[in-house]
Amino acid sequence: MNEKINWLRTNLFNNWYNSLLSILSIILILWIFQGFANWLITLSKWEVIQVNLHLFLVGRFPKSLYWRIWLILAITTTLTSMTMGIFKQQQTFTKRDFSIAAFCGIIVLLILPLQTINKIRLFAITIASLGGLFTGRKFSNKIKPWISLIWLLSFPIILWLIGGGLGLKPISTNFWNGLLLTLLMAIVSIVLSFPLGVLLALGRTSTLPIIHWFSVLYIEIVRGLPLIGILFLAQVMLPLFLPENLRLDRLVRGIAGLTLFSAAYMAENVRGGLQSIPKGQIEAGKALGLNTPYVILLIVLPQALKAVIPAIVGQFIGLFKDTSLLSLVGLVELTGMARSILAQPQFLGRYAEVYLFIGVVYWVFCYVMAITARKLENLNN
């Protein structure tokens with residue numbers, strides 16, 4: 001307690017004008033908080049969220065096939081928990097931690113505007129996630145070498161569940177909407193833009209003129225164009241360069257636009273990491289008998305990528321938020337679905353509630369990415 005009082009005296013009330021500014025700031029913050037809390041509790045109409053929650057999450061995906069979405073959620077959360085267990089096997093969880101987690105889970109289940117059957121499914125997914133966490137902690141040494149492959153194999157299974165085919169009823173991409181589409185577009189674009197950005201960064205540092213100048217021109221041209229322009233080019237111009245009998249889905253064209261745009265910025269982030277590697281390490285690798293590809297893969301790239309983890313994750317976060325522009329090219333992701341909901345006659349003018357809700361959704365995912373990046377940095381240190 002004394003430490004907190006000393007901190008307040010040192011940082012907020014160390015002289016008369018700082019004390020005055022601190023008091024005025026506290027009054028202003030309390031006034032803003034009171035107004036926001038009053039609107040949040042008494043004036044806002046959250047029925048727009050409760051009634052349209054399924055549209056925000058999965059859009060027009062057929063309700064009779066929601067079991068696929070629940071299965072996807074179970075797969076991803078279980079694998080995520082397993083991955084956390086693998087990299088946190090040394091950390092112990094007390095009874096207090098489990099009690100707090102259980103209490104928070106019960107509160108969430110009670111508050112969420114879901115049907116009883118869906119709450120049961122959510123509870124089952126929670127149990128599966130705890131099982132994944134236990135499995136990751138218990139069998140860390142056996143699973144760790146395979147966890148990347150498991151994630152890689154889970155992705156085509158998830159796409160199969162969403163799109164159907166091979167025994168499942170096909171679902172047109174026109175019904176892939178809302179948060180489902182936002183996450184899918186962001187994840188695929190991130191996965192594709194990262195290796196492409198690394199190759200462009202290596203190409204820009206290459207001594208071969210053709211590779212070097214191609215990489216330079218690509219990076220500088222793409223970085224000089226707005227994303228919305230590239231998305232329109234991908235939707236309109238890309239089909240013109242393909243054979244007449246080959247028609248790309250507009251979702252694929254949207255992914256192409258996001259990937260090509262993000263790869264240029266990713267290349268510059270990675271190039272900054274490459275420039276931080278001392279030349280002596282490259283020379284030492286060659287002195288050990290390693291050829292250039294092995295020097296790059298085993299010595300240069302691991303250190304370069306580690307040095308620019310914050311910049312890379314910042315690029316991923318930006319790409320995730322940039323998916324909101326897809327609504328301008330006919331893809332109804334989370335922001336586009338919000339516009340459709342606001343067009344409903346009974347919810348006209350409920351902009352604050354709708355955009356506050358999707359803002360919180362974006363913030364949660366971005367914050368999780370930022371926390372993951374910090375954990376990854378600490379893991380490598």
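The values are calculated or read from the model by the stated rules, or taken from the named source; none is laboratory data. Because the structure is a prediction, the values reported are computed rather than measured. Note: ideal-geometry Cβ built from the backbone for every residue, glycine included; neighbour counts use all protein chains shown. The protein model used for the area step is the full one, side chains on, heavy atoms only, and it has no ligands, DNA or RNA in it. Shrake-Rupley method; radii C 1.70, N 1.55, O 1.52, S 1.80 Å.
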> How many residues, within region 130-177, are out of contact with any helix residue (DSSP H, G or I) (no Cβ under 8 Å at 6 or more places or on another chain), farther than 30 Å from Met337 by Cα and polar (S, T, N, Q)?
Replying inline: 2
>> Every residue in region 229-255 that is open to solvent by less than 70 Å² (accessible area, probe 1.4 Å), in contact with a helix residue (DSSP H, G or I) (Cβ under 7 Å, 6 or more places away or on another chain) and not basic (Lys, Arg), please.
In response: Ile230, Leu231, Ala234, Gln235, Leu238, Leu248, Asp249, Leu251, Gly254, Ile255
>> Residues that are of a type in the set (Ser, Thr, Tyr) and open to solvent by 50 Å² or more (accessible area, probe 1.4 Å): list the helices (runs of 4 or more DSSP H) wholly contained in region 1-91 that include at least 1 such residues.
In response: 2-11, 16-38, 66-87
> So Met185 fits all but one of (1) within 20 Å of Leu319 (Cβ to Cβ); (2) outside any helix (DSSP H, G or I); (3) open to solvent by less than 40 Å² (accessible area, probe 1.4 Å); what number is the exception?
Replying inline: (2)
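Assess whether Ala264 counts as being of a type outside the set (Lys, Arg) and open to solvent by less than 50 Å² (accessible area, probe 1.4 Å).
Judged against the criteria, Ala264 is a match.
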> Counting only residues that are assigned to a loop (DSSP other than H, G, I, E, B) and open to solvent by 30 Å² or more (accessible area, probe 1.4 Å), which one in region 156-176 is nearest to Leu326 (Cα to Cα)?
Replying inline: Ser172
> Counting only residues that are of a type outside the set (A, V, I, L, M), out of contact with any helix residue (DSSP H, G or I) (no Cβ under 8 Å at 6 or more places or on another chain) and assigned to a helix (DSSP H, G or I), how many does region 197-219 have?
Replying inline: 2
> Would a scan of region 205-228 turn up a residue that is open to solvent by 70 Å² or more (accessible area, probe 1.4 Å), under 30 Å from Tyr294 (Cβ atoms) and touching a residue at least 60 places away in the same chain (Cβ under 8 Å)?
Replying inline: yes
> Which of (1) modelled with pLDDT under 90; (2) hydrophobic (A, V, I, L, M, F, W, C); (3) surrounded by 14 or more Cβ atoms within 10 Å (Cβ to Cβ) is the odd one out, the single condition Leu258 does not satisfy?
Replying inline: (1)
>> Quick check on region 302-312. Is at least one of its residues open to solvent by 40 Å² or more (accessible area, probe 1.4 Å), free of Cβ contacts under 8 Å to residues at least 24 places away in the same chain and out of contact with any His (no Cβ under 7 Å at 6 or more places or on another chain)?
In response: yes
> Which of the residues that make up region 22-47 are β-branched (Val, Ile, Thr) and at pLDDT 85 or above?
Replying inline: Ile23, Ile26, Ile27, Ile29, Ile32
> So which residues in region 318-334 are surrounded by 20 or more Cβ atoms within 10 Å (Cβ to Cβ) and among the β-branched types (Val, Ile, Thr), if there are any at all?
Replying inline: Thr323, Val332
